[in-house]
Structures are given as structure tokens and as C-alpha cells.
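The values are calculated or read from the model by the stated rules, or taken from the named source; none is laboratory data. Everything quoted here is computed from the prediction, not taken from an experiment. Ideal geometry is used to build each Cβ from the backbone, glycine not excepted, and the neighbour counts take in all protein chains shown.
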Amino acid sequence: MCHLRHYLARLRFVYSLNCFPFGPRFNWRGIQPSTMKFRKMGLKANTEDFRLEGHKFRILGGSMHYFRVPRAYWKDRMLKMKACGLNTLTTYVAWNLHEPQRGVYNFKDNLDVEAYIRLAGELGLWVILRPGPYICSEWDLGGLPSWLLRDPKMELRTTYKGFTDAVDTYFDVLLAKMVPLQYMKGGPIIAVQVENEYGSYATDSSYMPYIKQALLSRGIGELLLTSDNIDGLMKGNVDGVLATVNLQKLKPIHISSLESHQPHKPKMVMEFWTGWFDAWGDLHHVFNAEEMANVVMEILKKEMSINLYMFHGGTNFGFMSGAIQSDMYMADITSYDYDAPLSEGGDYTTKYTLLRDIFSRYHGESLPDMPGLYPKMNYDISTVYQYITLWEALKFTEEPFLSEDPINMENLPFNNGNGQSYGYTLYETIVTSGGTLHPNDKIRDRALVFIDEQFIGILKHNSVEMVVPDGKGKRKLRFVVENCGRVNYGKELNNQRKGIIGDILLNGTPLKGFTIYSLEMQSSFIERLRGAQWKQIPEKPVFPGFFRGILYIDGYPGDTFVKMPGWTKGVLFINGHNLGRYWSIGPSKVSICQGHGCNVGSTM
Ligand code: GLA
């Protein structure tokens, strides 16, 4: 199982474009999103079947997220989607990436969602857009920007003004880009989802109507959908919007609930979970391929539409993976392979083959050829030969912030008043004695604790106490706190502030007088580290530290796997890009990078 991938800016395609988005069973063939000039009627859900341009149409969809797949591979993955017999691409939009600071937008490069949707259209795929604002998706805070949590009264996913104002401003920008890409404007977007599984949250009955209106008032005119699991099906739906259901095993209750809630309407499984995600320290999830194929056949036999979640999962690059909170907090891994039909590295799987066979029966023509695969390269060992300690790297961070009390990372005065979003925060204070530390459940999520440079232990959620060894004079008590990912699902969304979120007691007295360093690991910081005095790695290096090596590549670089034997936990950077976390507890066994020359890794 691989967990990190960084891909090449190289495209090799073997494909044919003689495919049709509609099969004969749908009575209407040969019209591609890109070539269809005259459009009178978009997707309609007024009868038992969907109708597009008045013709019976079955959605055979697959989810794939532009933010989890390097742009250089978008086309390849979409062609593989077409060759599998799918006619529709379904994508979320990740608000936290597009608006990293309030009012500062990024829709460039890998975040060019307009280009992504246009490309899908050009290749003959329709698009279902899932713009959130909340998307869940094992993505930090379900895609909501962390700066929302600066407001201590914030109530995410409600009509609390602090939330809706931020949604409105973001939707003004996002939807202005999406409106021209709709079906009736000549684009490939045939449907738009209102929020995501609100039925499982449902704390404010005005919220879904608000989001629906936010879409309509900004010019979204295509079919609107909601998507919920069976328990939330009714609660998550809103007047005039088609409810769809999410599942992995089709049960009679799915059909009967859809029928009783909305008789004589098309039935759709918006998320058929082809696999499942993994969390650090947990077992790797696998969903048997034959079982999966059987459920797909059952769904199709019932004349339902389907969307595979995921068709191709990709990677939670950087610090973007989310977390779950049930009995305990568990952070999601970097890989979003998902055991999906197309693997994280873009390879075909048994599931893909089975699905292609199934979906081919729903097409009049034979399916397009399957595009060729990229070879995986086997490079020589990259020797990691230089390092600096974390303590030496501190002079390359932004000025530390001095505060009497500990402050959670979102409320720190970094990033132009938007706080720190991701990564690590170092909290330092002076102590003059040893004793017993009580973290008071205020550590989010994992702290390495030091006296000066001496490591004394790890604190996590719910850790009870820790002994601080006695010593003379003034010593620094240091907490290197890692935000391991914000919970993306459930009722705990408002409680996702990270760092040290309240008083920590030493011998019963709250620690005071902190110096706080932000270690968000942005590329500007990694770049500045180049100017550090890198040393040869001694036999016993001081941890945590930044370690660097060079990967030499002859010729054009190709995709490769990184094995990190002996490395316990940290983050891997390639040429300044944060690929994501590695951790020997698994379930990921190896990481994948790709050779522009690996130059810095850190171990914390
Ligand atoms: C739900 C959500 C998705 C995703 C899946 C699990 O259905 O809507 O975003 O989190 O669960 O992978």
C-alpha cells in the first residue's frame, strides 16, 4: 500500500475518442458535452428516469477530485474513467484551498477547477459539481477554512452570521466561475449538489434552504441534488431538490425510503463507496472486488443511477487529510487510494476490470481503449546526508509571538491575521522546577515535550500526566504540538482548534509566559532553510530535525515509490513541495514521490 505520490509533468496517452456518453438503452447517443451546440433542456428529474434534453439518461458517474490528483494527470485519469464506461465526473470543491486567507483566493495550477471541468467536457464527460461549502471527504475540517475558527462563537454549517457571511463572499467568487460552465450555458455541469450529508448534522433547519438560495441567487440553474446516508435522507433534503442516497450495500430500505420520500422520481446512489479510507494506526480497509461488482449490478438492475465514490482517490497531499472522532480521535493517512477502481498511482485494478465489463453492457459501441500505464521507476537509494536540528531551524520561522497564556494555532497572529492553519506549533516557557504536568486534555493533537533539548515524552488527547525531571536554574519547557488533521465528519466540527487550547498545569499551577513559534512548513520557510548551516549527520543526531538528501535521476524522471526504512514519523518534502506525512505505525508501508530530486525531509 503506497501512501504518498507526486507525479510527473509528462503525459502519455493512448486513447480513442469514438465513445458515446449515452448507451442505446437511453435512446440517445453520440452527443458529447463538447460538441453539443443547441441546448434546450438540462437534466430533469420529473419522471422515474433522468432526462437530458428530454431523452432518458442514466448517470454512470465517478468521483475524482482535482485537488488530489496532480494536474498533469487529470486528463489521463479522465480518459481512464471514460474507458471504464462512465459518462459523468463528480467533484467536490475544497474551500480551504481556494481561500487560504480570508479574501485571498487561489484558483491557479492544481486548483484551476474551471480548467478541470472544461477538460472533462472536452473529453466527453458530464460533470456533477459538489461545491459544499462543507464537503466532508476525509479533508481537513471537511474543506472549511481553519480561519473560520478564529471566531470563538463560530457555528459551522449553520446560519450563524459569521459563517454565512464567509460562505456568501466565497460563493460570489466561486460560483461566478461555475455559472458559465453549466449545461444550459454550453458547459458540462448537469447537476449541482447542495451542501453534503447535512442530514447527519442537521442542527439548523434554516441552513439548507439558505445554501440552496445561495446557489440559485448566484445563477446556478441546473438540477439541484442533496446526498445523504439513509438515516439522514429526509433531514438532509430541502424543498424542490432531488434527494440521493449514499451506501456500500444496497438494502430494501434504500429503495423504499427513496420511493416514499419522492415517488416517481429517478433514484440515484450519489456515493457508492467502492472502498474506504484509512486512519493512522488502524487496519487497512479493503472492500472485496466481486462483492463491489455485485452491488453495482444490483443498483443498475434496479434502473438506478450511480456515482462511484471514489473512482480514483488520489492523495491527501501536504497537511490536508482529515480525521475521525468517535470514541477516540484518529487522523487519516496521506494516501486516499481508497481501494478504488483506479489506484492512487493511476493503475488499473480488478475492480476496474469488473466495472468496465459491467458498464460496457450499457453502451451501444465498444468502450474506448484503456489508456496505457505510466511505468514506475526504480531509482538508486537517495542518501540522506545532511541535517539541522529543529532548534537551529527556529531562526528561519516568522518572529515568534509572546503570550502570557497558550493560544490555539488559529488565533495566533500569523498569516496576515488569519492564524496558523496547519502543521506544527512550538510553545516554550521557562520553568524553575520539575514536577508533574497535567495537560488537561488541552493538547491538539500530539506534542513532543522537551526540557531544553532533552526529549521527555509525548502528550496526546486525553493524556493524564507526565513527569518533568528536576533540574537546576531556569530551563525551557517546550511543546512541539502537531495538528494531525481536523475532524471532517460528525458533531465535533466546532471543536477543531489546534495547538494548545487551554491551560496546562505544572504542579497544579497553569503554565504562563509562552514564546510561540509557527511551524506551518510553508514552501517559503522550506526555501529559507536552504540558507541554514547544514551539517553532516552524526551517529546520534538530535531529534526532531530536518534531514536532506539528493535523488539523482538520469533522463526524464518517472513516478516512483519511496521507502523509508528506519524513519519513524515526519513529513516529506520534494523540492519544497510538502508531499505529506509518513508514520511507521502504518497502515501505509511506503510513500511515493517522484524525482525532481528529493531535498528535504523532516522528522518530528
Ligand atoms: C460520506 C461523505 C464523503 C466521504 C464518505 C466516506 O459519504 O459524503 O465525503 O467522507 O462519507 O469516504
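Some points to look at:
- Out of K265, K235, sole residue that is closer than 25 Å to E492 by Cβ and assigned to a loop (DSSP other than H, G, I, E, B): K235
- V238 being under 24 Å from A94 (Cα atoms) and surrounded by fewer than 22 Cβ atoms within 10 Å (Cβ to Cβ): yes
- Cross-chain or 6+ apart pairs with Cβ under 8 Å, the stretch 132-152 first and over 23 Å from S335 (Cβ atoms), then among the acidic types (D, E) and away from the ligand (no atom under 16 Å from the Cβ): P145/E99; W147/E410; L149/E410; R150/E410
- Selected residue (criterion: nearest to the ligand (Cβ to nearest atom)) from residues of the stretch 300-316 that are hydrophobic (A, V, I, L, M, F, W, C) and surrounded by 19 or more Cβ atoms within 10 Å (Cβ to Cβ): M310
- Any hit, the stretch 428-439, residues being farther than 14 Å from L519 by Cβ, surrounded by 22 or more Cβ atoms within 10 Å (Cβ to Cβ), touching a residue at least 12 places away in the same chain (Cβ under 8 Å) and under 33 Å from the mean Cα position of the chain (by Cα): yes
- Check on L97, surrounded by fewer than 24 Cβ atoms within 10 Å (Cβ to Cβ) and within 16 Å of the ligand (Cβ to nearest atom): yes
- Strands (runs of 3 or more DSSP E) contained in the stretch 500-595 and holding at least 2 residues buried (at least 19 other Cβ atoms within 10 Å of the Cβ) and under 20 Å from the mean Cα position of the chain (by Cα): 569-574, 577-583, 591-594
- The set of residues in the stretch 238-262 that are under 12 Å from I299 (Cβ atoms), in contact with a Lys or Arg (Cβ under 9 Å, 6 or more places away or on another chain) and in a loop (DSSP other than H, G, I, E, B) contains only L250.
- You will find that of L511, L493, the residue that is within 16 Å of the ligand (Cβ to nearest atom), hydrophobic (A, V, I, L, M, F, W, C) and either within 21 Å of P413 (Cα to Cα) or touching a Leu at 6+ places or on another chain (Cβ under 6 Å) (or both) is L493 and no other.
- Qualifying residue in the stretch 394-406 (condition: within 16 Å of the ligand (Cβ to nearest atom), more than 25 Å from Q193 (Cα to Cα) and among the hydrophobic types (A, V, I, L, M, F, W, C)): no
- Among the residues of the stretch 480-490, those identified as part of a loop (DSSP other than H, G, I, E, B) and either free of Cβ contacts under 8 Å to residues at least 12 places away in the same chain or within 16 Å of the ligand (Cβ to nearest atom) (or both) are G485, R486, N488, Y489, G490.
- When residues of the stretch 104-151 are limited to those that are among the charged types (D, E, K, R) and assigned to a loop (DSSP other than H, G, I, E, B), the one nearest to the ligand (Cβ to nearest atom): E138
- Any hit, the stretch 172-179, residues being within 16 Å of the ligand (Cβ to nearest atom) and either of a type outside the set (G, A, S) or under 24 Å from V269 (Cα atoms) (or both): no
- Residues of the stretch 376-390 satisfying the condition of being in a loop (DSSP other than H, G, I, E, B) and among the charged types (D, E, K, R): D380
- Cβ-Cβ distances below 7 Å connect the following pairs, each with a first residue in the stretch 525-536 that is under 19 Å from I574 (Cβ atoms), a second residue that is of a type in the set (S, T, N, Q), and a separation of six or more residues or different chains: F525/T397; W534/Q386.
Okay, residues lined up against (1) hydrophobic (A, V, I, L, M, F, W, C); (2) in a helix (DSSP H, G or I):
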site	(1), (2)
E290	no, yes
F317	yes, no
A331	yes, no
D337	no, no
K351	no, yes
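- Among the residues making up the stretch 188-225, those that are within 11 Å of the ligand (Cβ to nearest atom), outside any loop (DSSP other than H, G, I, E, B) and within 18 Å of T159 (Cα to Cα) are Y198, G199, S200.
- Of the residues contained in the stretch 135-152, one or more are found to be at pLDDT 95 or above and in contact with a Cys (Cβ under 7 Å, 6 or more places away or on another chain).
- Within the stretch 255-288, the set of residues being of a type outside the set (D, E), more than 11 Å from the ligand (Cβ to nearest atom), over 16 Å from D228 (Cα atoms) and surrounded by 13 or more Cβ atoms within 10 Å (Cβ to Cβ) comprises K265, A279, W280, H284, F287.
- Filter result (among the charged types (D, E, K, R) and under 18 Å from Y207 (Cβ atoms)) within the stretch 145-163: D151, K153, E155, R157, K161
- Scanning the stretch 360-393 for residues that are farther than 30 Å from L519 by Cα, among the aliphatic types (A, V, I, L, M) and surrounded by 16 or more Cβ atoms within 10 Å (Cβ to Cβ) yields L367, M370, M377.
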